Structure formats: C-alpha cells, structure tokens
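The values are calculated or read from the model by the stated rules, or taken from the named source; none is laboratory data. All values derive from a computational prediction rather than experimental measurement. Neighbour counts are summed over all protein chains in view; Cβ atoms, including those assigned to glycine, are modelled from backbone coordinates with ideal geometry. What goes into the accessible areas is simple: the full protein's heavy atoms, side chains included, and nothing from ligands, DNA or RNA. Shrake-Rupley method; radii C 1.70, N 1.55, O 1.52, S 1.80 Å.
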Amino acid sequence: MRQKKKNTKSFWHRIRFKYKLSFINEGTLEEVWSFRLSQLSAFLMLALFAFFLVAITAFIIIKTPIRNYLPGYLDVEVRKEIMQNALRADSLERMIEIQSLYLNNVAGILSGTVELDSIREIDSLARNNMNYEIPRGKEESAFVKEYEEEEKYNLSVLVDPGKNLTDKFFFYKPVNGVISSRYQTDIHHYGVDLVAAPKESVLATLDGTVIYCGFDPNHGNVIEVQHKNGFVSVYKHNELLLKEVGDHVVAGEAIALVGNTGNLSTGPHLHFELWYKGSPVNPEEYIAF
C-alpha cells in the first residue's frame, strides 16, 4: 500500500515538475528569453490547441461554400431548387401531353378521321340517315330563292350594335395572388399588381398568340398576348418567359414565371394589364381575383 501511494505521488510530482526552457544569445551567452513548462501544462496546451483547430475547421466548413465540395453534403437551397425544377418539369410534361392530345383530336375532327361513336340500333325505325333531306314545297322554294337574291350583295355584318363583344368570354386568373395595387388611370397605373410566390406559373388569361417577348429596364421581362375581338393581355416583372413571339397559347397555359425584375418592382409579383381595342380596361371588371 505504501509503495502504491509512493508511486502515485511520484507520478503527480513528475508530471507537475516544471522544466525551464531558455533561449541564449550565442555570442554573449546572455539569456534572451525563458519560460517554465511542466508535462501537465504542455498536455493541456496541446489539447486546447487541438480543440480550437477543430472548432475553426468546423466553422469554415459550415459557414462557407467549401461544404458543397464534401462528399455526401449538399446545400439545402440546392436541394429545394432541384425539387422545384423536378415538379415544374413534371407539370410541363403533363401540359404538353394534354396539348398534344387536344391537337390530335382537333386535327382528326378537321380531317374527318375521327370515328363516330357506336350506337346500338333497336330496329329499322331508329336508323338515322345523315344524307336525308326534307323536301321543300313550292312556296318555300320560291321564298328561299327570293331571299338569296336580295341578300346576294349585302355586305352588312349581322351584329347587334348594342351587344358587348366581351360577353361570353371566360378569363382565366393569370396567377394566384393578392392584389397590392389596383387599376388607377390618374397615376398611369393601367393594371393590377398581384403579389405571388416567386417562380409561380403565370397563366394566359385567354386563347391567343404571343406578339411580344422582351426585357424592359423598368418592367423587367414582359410578355404580351393578342386575343380575339381586340383584347391584348400584358404580363410584367416575370422571372422567366416560357413562350416566344408567334407561339399560340390556350387559356390557362403557363407562359411565364413570377419574378422581381425591373426597376419598378419592389418584390415578387405580377403586373397584369388588359387592353381592349387599343385602350386599357380595368382587369377586375372581367376577372375575379
């Protein structure tokens, strides 16, 4: 027992025993600098240095782009961007399939290659002859002939002048968002501002043809679509334009992505304008935002 205590005391005495390290001028043999150091203090200093080295290395890896070069590590923002691009690509692929099927059906209808729906004939009386024409009487034939002669050179358009040409049009909402600024002609604000999520799909409000795609310093990426009966829709401050000039678009089709481009933009939103025969109109009178 005494030997064990003696050995323990000798161990602590040995690691706590201080050694003097001196730096001596070789020419004058004068002691320039010295310090005392024990084995225990040397171990603690090395441990503290290793701790700070590991902490600094971890900080550099976490807070700098160096982490992207480590195997198996990927930035959260990059993962989010990849997921959004994958969802967007899947949505575009689905939209292309729907448009392709629609165009094939239209082409089949125009060419007459679409097969008629099959029907079951109960008896011969239920048969319908498509080429059958009801015979006309003498008075009816004379009236039709007289009417055709009178209207042969009539170039007037049979349109009720009091009828609004914008009736029976269904306008798609261009984007799901909240109105932050309304239509105000007194300050030359000829549309509505819709605050939406960044890179959300911007939809064509009606069928039409793209007549302009470009970048404006104040309004950013702009796309304009010409519609029937004199309508033109304008979409400004987009992040990305998905169509080109001359492309035909259908109502509800994605034509751009919501962005924050242009000097007049203060955040991700869509500035939407609706023009009718060269004059701006209030989009809220036609679209329920």
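Can you give me the % of accessible surface on the range 174-289 that is carbon or sulfur? Probe 1.4 Å, all protein chains present, nothing else counted.
Exposed carbon and sulfur together represent 51 percent of the surface.
By accessible area of protein heavy atoms, probe 1.4 Å, what ranking do S111, S233, S181 get, highest first?
S111, S181, S233
Work out the FRET efficiency for N260 and V178 from their Cβ-Cβ distance, taking R0 = 22 Å, and round it to the nearest 0.05.
0.90
Quote the accessible area belonging to V106 in square angstrom, nearest 10, computed with a 1.4 Å probe and with ligands, DNA and RNA left uncounted.
50 Å²
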